[in-house]
Every structure is written in structure tokens, then in C-alpha cells.
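Trainee: Have a look at the structure that comes next, please.
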Amino acid sequence: MPTKKFLQRFVLTMMPSAILWPHAQSSQNVPGIALDQLELHNVKAEAVNYNGKPAVRVDALPEAANGASYAILKGSRFHNGTIEVELAGKPGANSGPGARGFIGIAFRVQGNRFEYIYLRPTNGRADDQTRRNHSTQYAAYPEFDFDRLRKESPEKYESYVDLEPGVWTKYRIMIDGTKARLFVHGVAQPSLIVNDMKLGDSEGAVALFVGPGTEGYFANLKIRQ
């Protein structure tokens, strides 16, 4: 359960142990996320209205290295629990051919090390089975990027789920020790199962993650632990 000090940093929702970002709705009108509470790393961010929802738009800077573009929620501290968010990702206007609209959540951020689970929205309905099989991805920055994990353990840390670029998508991860489960579209069964997260049973901050060439949107962030 959160400590007393931790509780002072957040406002409680109506659900037990669920937390939203402080003043998010009043200051930026983005449920769960306050723009002035974000610490930007190789991204730019702004409050917008996207497809009918107040949201935070996060774009990776052109020079950002793979895995190095994210916005940390200042003061957050996450160990075990659940992180829910609505997100939408698509390739940006000037993105290269390898852009997939990479978007997700980084967690247990410690300095420049973190675990993250993200989506590749353009892969979900690609006319190529291999690309479809790479619709979701777990990785750990910086040592265990997708390329290393794919080479060392093919198909183990990624999976298929139906996705569309630029469409609001319900995303939820459950973290327990070194285990992670990804749930997409509100379904009861996980789309991706990870039983051996690479950074061990740690804790750290939570961050909004986007990959190279991504135009990403986040709304309704909820953290329970």
C-alpha cells in the first residue's frame, strides 16, 4: 500500500487504492495526467483534445535514440500493482519507413534504466504475419532492447493483438515481482505474458513512453498498488 508520504502527492479516485495525478483535471483538463508534472526526456508534450478526449500529446524528438524518449511522472514511485491508460499512437508526419506508432508505459524508472511494455499499432492489421506477431513488446532499457530480446529469445517477449494506428486503445499492465501481464481492449486474458523481467524485483517512477517517429496520445491514467 502507498506510504503516508506517497499519498500526500496524489488525489484519490472513488476506487480504493487507485490514484490520479495531482490537479490533472483542474489544471490541464486531462484526466490522470498533469502536464506540469511531466519530466521530459527526448520528447515534447502538450495538452490537446484528440478524437473527443482531453489528452496529453507526446512526440519523440527526431534525434532521440531508440528507447530513450519518454515523459516521467514526477514524484511517482511504483513497485507492484496495475497501471491503466487510454492511448493512441501513430507514425508522425515526418517519420521514416520503420515507424510503427510505438506507444506504451515505462515503469520502475531508476535514472536511465527502466522496464517498458509498448504497442506497435501499425502492425496489428499488417498484411504480413510476422509483423502482426510483433504487435506488442516487452523490453528493458538500455541493456535489453527489442532487437537483443528478439535475437536471444525469438517470439518470447512480443505477441499479436488487434490494433489500429491513431485509435484510442485501452491498455493495462499488471506487475508483480518479476512478472508482467499486458491486457489490451479491456479483455480478461493477457495479450502478453512476461515471467522474467530483466531488471528484477525493483521499484521506480512511471513514464509515458513513445518510440521513434511516434505521435502519441495519453488519457485517463490510473495507478493502483
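Trainee: Would you be able to tell me the number of residues in the stretch 82-96 that are open to solvent by less than 20 Å² (accessible area, probe 1.4 Å) and out of contact with any Ser or Thr (no Cβ under 8 Å at 6 or more places or on another chain)?
Mentor: Counting residues in the stretch 82-96 that are open to solvent by less than 20 Å² (accessible area, probe 1.4 Å) and out of contact with any Ser or Thr (no Cβ under 8 Å at 6 or more places or on another chain) gives 2.
Trainee: Tally time: how many residues in the stretch 195-211 are within 21 Å of residue 77 (Cβ to Cβ) and in a strand (DSSP E or B)?
Mentor: 6
Trainee: Does residue 47 count as crowded, with 18+ Cβ neighbours inside 10 Å, on the phi < 0 side of the Ramachandran plot and at pLDDT 95 or above?
Mentor: No; evaluated as a whole, the condition is false for this residue.
Trainee: What number of residues within the stretch 150-185 are surrounded by fewer than 19 Cβ atoms within 10 Å (Cβ to Cβ), farther than 30 Å from residue 93 by Cβ and free of Cβ contacts under 8 Å to residues at least 60 places away in the same chain?
Mentor: 9
Trainee: Exactly one of (1) open to solvent by 20 Å² or more (accessible area, probe 1.4 Å); (2) under 21 Å from residue 106 (Cβ atoms); (3) modelled with pLDDT under 95 is unmet by residue 18. Its number?
Mentor: Result: residue 18 passes all but (1).
Trainee: If you check residue 89 against the conditions, is it modelled with pLDDT under 95 and under 21 Å from residue 59 (Cβ atoms)?
Mentor: Here the answer is no, as residue 89 does not meet what is asked.
Trainee: Hey, could you check the stretch 97-109 for residues that are part of a loop (DSSP other than H, G, I, E, B) and among the hydrophobic types (A, V, I, L, M, F, W, C) and say which is nearest to residue 156 (Cα to Cα)?
Mentor: 102
Trainee: Identify, please: which residue in the stretch 110-142 is open to solvent by less than 10 Å² (accessible area, probe 1.4 Å) and farther than 14 Å from residue 159 by Cα and is, among those, nearest to the chain's Cα centre (by Cα)?
Mentor: Checking each candidate, the answer is 116.
Trainee: Do you know which residues across the stretch 37-96 are in a strand (DSSP E or B) and free of Cβ contacts under 8 Å to residues at least 24 places away in the same chain?
Mentor: 44, 46, 47, 49
Trainee: Another question about this same structure. Residue 99 - would you say it is surrounded by fewer than 22 Cβ atoms within 10 Å (Cβ to Cβ), modelled with pLDDT of 85 or more and of a type in the set (Gly, Ala, Ser)?
Mentor: For residue 99, the condition - surrounded by fewer than 22 Cβ atoms within 10 Å (Cβ to Cβ), modelled with pLDDT of 85 or more and of a type in the set (Gly, Ala, Ser) - is met.
The values are calculated or read from the model by the stated rules, or taken from the named source; none is laboratory data. Remember, it's a predicted structure, so these values are computed and weren't measured experimentally. No Cβ is skipped: glycine too gets one built from the backbone with ideal geometry, and neighbour counts run over all protein chains shown. Surface areas here come from the heavy atoms of the whole protein model, side chains and all, with no ligands, DNA or RNA. Shrake-Rupley method; radii C 1.70, N 1.55, O 1.52, S 1.80 Å.
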